[in-house]
1. Would you mention how many residues in the range 140-177 are under 15 Å from the mean Cα position of the chain (by Cα) and within 16 Å of the ligand (Cβ to nearest atom)?
2. Only one residue in 25, 42 is out of contact with any strand residue (DSSP E or B) (no Cβ under 8 Å at 6 or more places or on another chain), under 29 Å from residue 59 (Cα atoms) and surrounded by 15 or more Cβ atoms within 10 Å (Cβ to Cβ). Which one?
3. What about residue 91, is it touching a strand residue (DSSP E or B) at 6+ places or on another chain (Cβ under 7 Å), within 16 Å of the ligand (Cβ to nearest atom), closer than 16 Å to residue 3 by Cβ and modelled with pLDDT of 95 or more?
4. Would you confirm whether or not the range 70-80 contains a residue that is within 21 Å of the chain's Cα centre (by Cα) and assigned to a loop (DSSP other than H, G, I, E, B)?
5. Here is a list: 137, 123. Which entry is surrounded by fewer than 22 Cβ atoms within 10 Å (Cβ to Cβ), within 14 Å of the ligand (Cβ to nearest atom), touching a residue at least 24 places away in the same chain (Cβ under 8 Å) and assigned to a helix (DSSP H, G or I)?
6. Would you mind stating whether residue 101 is assigned to a helix (DSSP H, G or I), more than 19 Å from residue 135 (Cβ to Cβ) and assigned by TED's automatic domain parsing to the domain that holds residue 36?
7. Would you pick out the residues in the range 140-160 that are out of contact with any strand residue (DSSP E or B) (no Cβ under 8 Å at 6 or more places or on another chain), over 19 Å from residue 172 (Cβ atoms) and not in a helix (DSSP H, G or I)?
Ligand code: ADE
């Protein structure tokens, strides 16, 4: 997967994704991250990339030309153009289903806004998807891009090792994950549930499924409306 980020703060992106699993995924060439500085495509000699909003009002607006030129510099002629994701609190809320869908692409371009926004005309011309990472306002799209790249990349084959596998986890079937335990078997008089020490895999699977249902019911009941529930799940929840 190749990610290209159009941003005014390329160092922030590079530093933020250089360590841990994202760093390793880059070393192994499973993902490639290129941060393009929009300021390098500024039109005037002061390298200015923003201006006052037409019609008045507070703040500055990012100008269309530098963004468009930065975009053109990363698009290869003839090839199918990649999706261009604009990070904005007005976008579609990011979730695990979207992460999975994006992880199937070969290349993604992200546009990070700043100041009060981006001139609408360049959004209309290049953006294919508007995405928000939550109902709050960040100072810019950079942190949001890092969140998305992390969530998308861990779904790409071989990015996670077996120990950190994404095989069964929260949001599969739209349910929260069951509780996990490791050694010691007793911690401050609190014993790991017997079933997990029993070695009986069928019983463990049933217990885990029920724990997922209980957790989702208590912590995120909204998810149950669209969860993939079996007949047995429904019976259990009715109790
Ligand atoms: N830019 C500013 N706030 C944002 C948010 N919540 N999600 C995505 N991009 C943003």
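1. 12
2. On the way: 25 fails: under 29 Å from residue 59 (Cα atoms).
From the options 25, 42, the qualifying one is 42.
3. Criteria not met by residue 91.
4. No - not one qualifying residue is present in the range 70-80.
5. On the way: 137 fails: assigned to a helix (DSSP H, G or I).
Just a single option satisfies the conditions, and that option is 123.
6. On the way: assigned to a helix (DSSP H, G or I): yes; more than 19 Å from residue 135 (Cβ to Cβ): yes; assigned by TED's automatic domain parsing to the domain that holds residue 36: yes.
Yes.
7. Of the residues in the range 140-160, the ones out of contact with any strand residue (DSSP E or B) (no Cβ under 8 Å at 6 or more places or on another chain) are 143, 146-147, 150-151, 153-160.
Okay, now just the ones that are also over 19 Å from residue 172 (Cβ atoms), so 143, 146-147, 158.
The answer is 158, and nothing else.
Per-residue answers, yes or no, for (1) within 15 Å of the ligand (Cβ to nearest atom); (2) over 15 Å from residue 8 (Cβ atoms); (3) exposed (fewer than 13 other Cβ atoms within 10 Å of the Cβ); (4) in contact (Cβ under 8 Å) with a residue 60 or more places away in the chain:
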site: 37; (1), (2), (3), (4): no, no, no, no
site: 46; (1), (2), (3), (4): no, no, yes, no
site: 74; (1), (2), (3), (4): no, yes, no, yes
site: 77; (1), (2), (3), (4): no, yes, yes, no
site: 106; (1), (2), (3), (4): no, yes, yes, yes
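The values are calculated or read from the model by the stated rules, or taken from the named source; none is laboratory data. These figures come from a predicted structure and were not determined experimentally. Neighbour counts are summed over all protein chains in view; Cβ atoms, including those assigned to glycine, are modelled from backbone coordinates with ideal geometry.
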